[in-house]
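Visitor: Please read through the structure below; I'll follow up with questions.
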Amino acid sequence: MSFVSHVDCTACGQRHDPKRVLTVCERCGQMLAVRYDLERLKSAITPNDLTTRPSGMYRFRELTPLDDGEEPVTLGEGSTPLLPLPRLASHLGLRTLLAKDEGQNPTGTFKARGLGMAITRARTLGARGFLIPSAGNAGGAAALYAARAGLPCGVIVPRGTPEAAIAEALIAGAHVFTIEGSIATAGRIVGKASPRIGWFDLSTLKEPYRLEGKKTMGLELAEQLGWSMPDVLLYPTGGGTGLVGIPKGYEELRAMGWLHGSLPRIISVQAEGCAPVVKAWREGAETTAAWENPVTDAPGLRVPSPFAGRQMLRVLRETHGDAVAVSENAIQDAQRLLARLDGIWTAPEAAATVAALIDLKARGAVSSTDRIVLVLTGAGIKNPPPTLPAPTDLTGSDDAIVAEVISRLSPR
C-alpha cells in the first residue's frame, strides 16, 4: 500500500501531483520532495514488522514512493553494514566510531539506492530513456539500473572520469560521452538534450525520487542503532542528496514516534579544491555559489554548483552542524589509515570524512564521548589511488626468496 500524500517544493511549498512525471518545482524551479501520510502510516506498521522482512532498502517500502503493487527495479541494494571502527577510534581517542559502508551496495557505491528508486518511478510514470550527468559512479549506476529496467541510457561525464565508472556504464550498454569541463557542464548538456529526445533527466535532485532512495540510509541507520540516532554524522558532499535525505528519513521516523530526541549534528565534508558548501557556510550565505576551477582527485566531490545548496545549508543550520574542507594529501592519508587500522578500502570521497574527523577532534569540535557515524559512500576499488608503494619484486631460488621474505617481515 502506498502512503504518499503529495509532492511539494522544498522552497515555496507548491504542491505537485505524484502521479505525474516530475522534475523541479513548476513555480520556482527548486527541488521537490515526496511527502507521506505519516499519521496513517503510524497505525499501519511498527518497527517489529520489519524483523520478518528480507534485507534490502525496500523493506521500508511504506516510506518509499512506490505505488500499490509497483515492482522496484532492484539489484538488492541497501541493508549495508554499520561497522565499528575500534582501532581508528582508539587512534583518535574516541569512544564510539561507526561506519555505514555503502561500498557494499551492488554497484559499489551508495548511488545504487538513488538511481534504483529514480529509475523505478520514472519507468512506472512512462519514461522512455534516461540521460544523466555524472562525475563517475552515478552514471555507472544509472546505466546498470536502466539495463535492469530494459530502457536506454545516456551518460555524460567530464574527461578524466575514473575508468571503472566509465567501464561500468559501457558494459551495461549505455551511450557514454566525455566532455571538457565539470559535472556542471555535463548537467547543462543534459538539461538541453533530454527534452529534445524525450528522455528523462536524472540529474541530482532535479527529480524527487533519488532523494527517497538515499533517504533509506537514514532509515537503516536508525534501525541499526536500535531506533536511535548518532550524536554526529559526517557526510562527504558533492550533490548532497544523502545529506538532505538522511535527516528527511529521521524526521519522518520521529513524526511516526519511532525516534526521539534531537537530530545528529550533520557535518558536510568537501575537498579544499571544490568546497562550495563550506564557503557558503562560513560566509553565512543562504545558498551556494559556483566554485571556480574545481580540482580534486575525489571525483564525487568535484561538484562546483550543487543544485540543492540552499537545502543543504538549511540542514546544517537546523542540526547545529558544520562544514569542513580537507586537502588532497589529508584524503590520501586518511584512506590509507582506515585501511591499515580497520581493514576498509574506501573511496577517496568517503576517506574525506576520516580526514575531517581528524581535524574536528584536533580542534575540539567533537567530544571523545560522542557516538559518531561516518558515511562511507563507496568502495575504494571504484577509484584506486594515483600512487601506491611498489610491491617488492623477488627473484632467485625458493630458498633465497624465503630468506628474503623472512628478513623483510621479521621484527627489527
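The values are calculated or read from the model by the stated rules, or taken from the named source; none is laboratory data. This is a predicted model, so every value here is computed, not measured. Cβ: placed from backbone, ideal geometry, glycine included. Neighbour counts: every protein chain shown. Only protein heavy atoms, including side chains, enter the accessible area calculation; ligands, DNA and RNA are left aside. Shrake-Rupley method; radii C 1.70, N 1.55, O 1.52, S 1.80 Å.
Each row is one residue, and each column tells you yes or no for (1) over 17 Å from the mean Cα position of the chain (by Cα); (2) among the small types (Gly, Ala, Ser); (3) under 12 Å from THR319 (Cα atoms).
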| site | (1), (2), (3) |
| --- | --- |
| PRO247 | no, no, yes |
| TRP258 | yes, no, no |
| SER262 | yes, yes, yes |
| ILE267 | no, no, yes |
| GLY273 | yes, yes, no |
| VAL278 | yes, no, no |
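Visitor: Can you report the number of residues in region 67-85 which are out of contact with any helix residue (DSSP H, G or I) (no Cβ under 7 Å at 6 or more places or on another chain) and buried (at least 17 other Cβ atoms within 10 Å of the Cβ)?
Guide: 1
Visitor: A further question on this structure: Just to verify a result, which residue in region 106-127, among those that are among the polar types (S, T, N, Q) and not in a loop (DSSP other than H, G, I, E, B), is nearest to the chain's Cα centre (by Cα)?
Guide: This residue is THR109.
For every residue, the table says whether it meets (1) within 30 Å of ILE45 (Cα to Cα); (2) at pLDDT below 95; (3) surrounded by fewer than 23 Cβ atoms within 10 Å (Cβ to Cβ).
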| residue | (1), (2), (3) |
| --- | --- |
| LEU263 | yes, no, yes |
| VAL269 | no, no, no |
| VAL277 | no, no, no |
| GLU286 | no, no, yes |
| ALA289 | no, no, yes |
| SER305 | no, no, yes |
| ARG317 | no, no, yes |
| GLY321 | no, no, no |
| VAL326 | no, no, no |
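Visitor: Separate question: Which ones in region 167-184 are closer than 24 Å to GLN104 by Cα, open to solvent by less than 40 Å² (accessible area, probe 1.4 Å) and in a helix (DSSP H, G or I)?
Guide: Once the filter is applied, which keeps residues that are closer than 24 Å to GLN104 by Cα, open to solvent by less than 40 Å² (accessible area, probe 1.4 Å) and in a helix (DSSP H, G or I), region 167-184 yields GLU168, ALA169.
Visitor: So GLY116 fits all but one of (1) touching a residue at least 40 places away in the same chain (Cβ under 8 Å); (2) over 26 Å from GLU163 (Cβ atoms); what number is the exception?
Guide: For GLY116, the failing item is (2).
Visitor: Shifting gears a bit: When the residues of region 351-371 are narrowed to those that are in contact with a Pro (Cβ under 6 Å, 6 or more places away or on another chain) and under 16 Å from LEU83 (Cα atoms), which ends up most open to solvent (accessible area, probe 1.4 Å)?
Guide: Within region 351-371, the match that is most open to solvent (accessible area, probe 1.4 Å) is ARG371.
Visitor: Let me ask you something else. For region 215-240, which positions are among the hydroxyl-bearing types (Ser, Thr, Tyr) and either open to solvent by 10 Å² or more (accessible area, probe 1.4 Å) or over 14 Å from the mean Cα position of the chain (by Cα) (or both)?
Guide: SER228
Visitor: Now, a different point. Can you list the helices (runs of 4 or more DSSP H) lying wholly within region 221-320 that have 3 or more residues being farther than 25 Å from SER203 by Cβ?
Guide: The qualifying helices (runs of 4 or more DSSP H) are 241-255.
Visitor: Assuming ARG159 fulfils every condition listed in (1) in contact (Cβ under 8 Å) with a residue 40 or more places away in the chain; (2) open to solvent by 10 Å² or more (accessible area, probe 1.4 Å); (3) more than 18 Å from THR377 (Cβ to Cβ) apart from one, which condition is it?
Guide: Failing condition for ARG159: (1).
Visitor: Return the residues of region 145-166 that are of a type in the set (A, V, I, L, M, F, W, C), assigned to a helix (DSSP H, G or I) and more than 20 Å from GLY187 (Cα to Cα); say none if nothing qualifies.
Guide: Scanning region 145-166 gives ALA147, ALA149, ALA164.
Visitor: Out of all the residues in region 41-56, is one or more of a type outside the set (Gly, Ala, Ser), crowded, with 17+ Cβ neighbours inside 10 Å and either in contact with a strand residue (DSSP E or B) (Cβ under 7 Å, 6 or more places away or on another chain) or part of a loop (DSSP other than H, G, I, E, B) (or both)?
Guide: Scanning region 41-56, I find at least one residue that is of a type outside the set (Gly, Ala, Ser), crowded, with 17+ Cβ neighbours inside 10 Å and either in contact with a strand residue (DSSP E or B) (Cβ under 7 Å, 6 or more places away or on another chain) or part of a loop (DSSP other than H, G, I, E, B) (or both), so the answer is yes.
Visitor: Moving on to the next point. Suppose we filter LEU88, LEU92, LEU144 for residues that are crowded, with 24+ Cβ neighbours inside 10 Å and either within 17 Å of the chain's Cα centre (by Cα) or modelled with pLDDT of 95 or more (or both); which single one remains?
Guide: Of LEU88, LEU92, LEU144, the one residue that is crowded, with 24+ Cβ neighbours inside 10 Å and either within 17 Å of the chain's Cα centre (by Cα) or modelled with pLDDT of 95 or more (or both) is LEU144.
Visitor: Tally time: how many residues in region 243-261 are surrounded by fewer than 23 Cβ atoms within 10 Å (Cβ to Cβ) and of a type in the set (Val, Ile, Thr)?
Guide: Residues meeting the conditions: 0.
Visitor: Hey, another quick one. Can you tell me which residue in region 291-303 is surrounded by the most Cβ atoms within 10 Å (Cβ to Cβ), limited to those that are of a type outside the set (D, E, K, R) and farther than 22 Å from ILE246 by Cβ?
Guide: Of everything passing the filter in region 291-303, THR296 is surrounded by the most Cβ atoms within 10 Å (Cβ to Cβ).
Visitor: Tell me, which residue of region 372-405 that is in a loop (DSSP other than H, G, I, E, B) and crowded, with 22+ Cβ neighbours inside 10 Å is modelled with the highest pLDDT?
Guide: Going through the qualifying residues, I end up with THR377.
Visitor: Next up: Tally the residues that are out of contact with any Pro (no Cβ under 9 Å at 6 or more places or on another chain) and open to solvent by less than 20 Å² (accessible area, probe 1.4 Å), restricting the search to region 201-214.
Guide: The number of residues fulfilling the criteria is 5.
Visitor: I'd like the residue in region 12-34 that is of a type in the set (Val, Ile, Thr) and closer than 23 Å to THR288 by Cα and, out of all such residues, is most open to solvent (accessible area, probe 1.4 Å).
Guide: Among residues in region 12-34 that are of a type in the set (Val, Ile, Thr) and closer than 23 Å to THR288 by Cα, the one most open to solvent (accessible area, probe 1.4 Å) is THR23.
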